[in-house]
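Structure, as C-alpha cells:
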Amino acid sequence: MDFSVAETAQRTGTSVDTIRYYQTIGLLHGPGRDGRNAVYDDSHIERLERIHALAERGFSLKAIRALLELGEGAESDKLLLSALEQSAVETRYSAAELARELDIPRAILAAIEQSGLVDDTPGDDPSRKFSRADLDVARGAARLLRFGFPITRLIGLAIKHDRSMKRVVDEAIDLFDEHVRKASGDAEDPEAGAEAFRELLPVTTALVAHHFQRTLITRALKRLKKSGEKRALDAAVAETKRTRIGFRWK
C-alpha cells in the first residue's frame, strides 16, 4: 500500500520535516515515485516505527542507524553498541545553553570548539554537542579561570592531553577487542562482550583518574621540595592527607 509523505507522517507520528531529515542522513530510504508524486510504503512505516522504538530507549540517531544496518545478525555487536549507548546517553546542551549555565562568554566555548577538543558525540541534534558531564567539567574549568589561569594556555594543555589520550584510548579499544570481546565466546554468549564493557568502563576510568591525580600530586610535591619552600610543602602534604587520596610523601 502506498502513502503520501503527509499520510506517512500522520501514521507514524513523525513530522514531514523529520522524515525528510532522516532521508538526508541515510536513516530512512527514499520514497518511490508515482508520476511526479513521492510515495511511501509499509517498509517506510516499519522503519520509522523501529526508529521511534529505539529512540524511546535512549539511542541516538547515529546509534540507531548503526543498529539498523546490523540487521538481525551480529547480535554481539548490537549488545555491545547498546552497552556503549547506555553509558553515553544523557541530556544534551547547545553551546549557547552551556554558556548561559556557566555564566561565561560564548567566545570561550567557541575557542574550545575550534580547538577540536569537542568531538561529535552521538546525538539527535549535531548542534547540541555538550552533555551533563561536559557541563560539570566546564564548571571546573571556569573555576580555574577565576583563579587566574590563562584560557589560551589551558586550551593548549588540553589539546596536548587530548592527542595523547586518543592514542592510548585507541590502543585500549584494540586490547579490549582482541582479549575480551573476541575471546568471550560471543557465539555462545553474545551478552558477554557487552557485560564486560559495562563492568570494565567504570574500573578503567577510575584507574586512569587515580593515576593522573597521583602523578600530578607527586610531581607537584617534588617540585615544592626541590624549591625549598618548606611551609608550602608542609601545607600541601597536610592537604593531601586531609583529602584522603591515598598518597604518602616519602
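Here are a few things to note about the model shown:
One line per residue, one yes/no per condition, for (1) at pLDDT 75 or above; (2) outside any loop (DSSP other than H, G, I, E, B); (3) out of contact with any Phe, Trp or Tyr (no Cβ under 6 Å at 6 or more places or on another chain); (4) β-branched (V, I, T):
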site	(1), (2), (3), (4)
I108	no, yes, yes, yes
P122	no, no, yes, no
D125	no, no, yes, no
F149	yes, no, yes, no
G156	yes, yes, yes, no
A172	yes, yes, yes, no
L175	yes, yes, yes, no
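- Answer residue from the range 177-198, given it is of a type in the set (D, E) and not in a helix (DSSP H, G or I) and is modelled with the highest pLDDT among those: D189
- Residues in the range 91-100 include at least one that is under 30 Å from E199 (Cα atoms) and either assigned to a loop (DSSP other than H, G, I, E, B) or at pLDDT below 70 (or both).
- Taking the range 142-159 as the range and being over 20 Å from E101 (Cβ atoms) and touching a Ser or Thr at 6+ places or on another chain (Cβ under 9 Å) as the test, the residues that pass are G156, I159.
- Qualifying residue in the range 235-245 (condition: part of a loop (DSSP other than H, G, I, E, B), modelled with pLDDT of 70 or more and exposed (fewer than 14 other Cβ atoms within 10 Å of the Cβ)): no
- Out of D162, D136, sole residue that is under 30 Å from E113 (Cα atoms), modelled with pLDDT of 80 or more and part of a helix (DSSP H, G or I): D162
- Note on the range 17-47: residues that are among the aromatic types (F, W, Y) and either surrounded by fewer than 16 Cβ atoms within 10 Å (Cβ to Cβ) or touching a residue at least 40 places away in the same chain (Cβ under 8 Å) (or both) amount to 1.
The values are calculated or read from the model by the stated rules, or taken from the named source; none is laboratory data. Here the structure is a predicted model, which is why all the values come from computation and not from measurement. Counting neighbours? That spans all protein chains shown, and the Cβs are built from the backbone with ideal geometry, glycine included.
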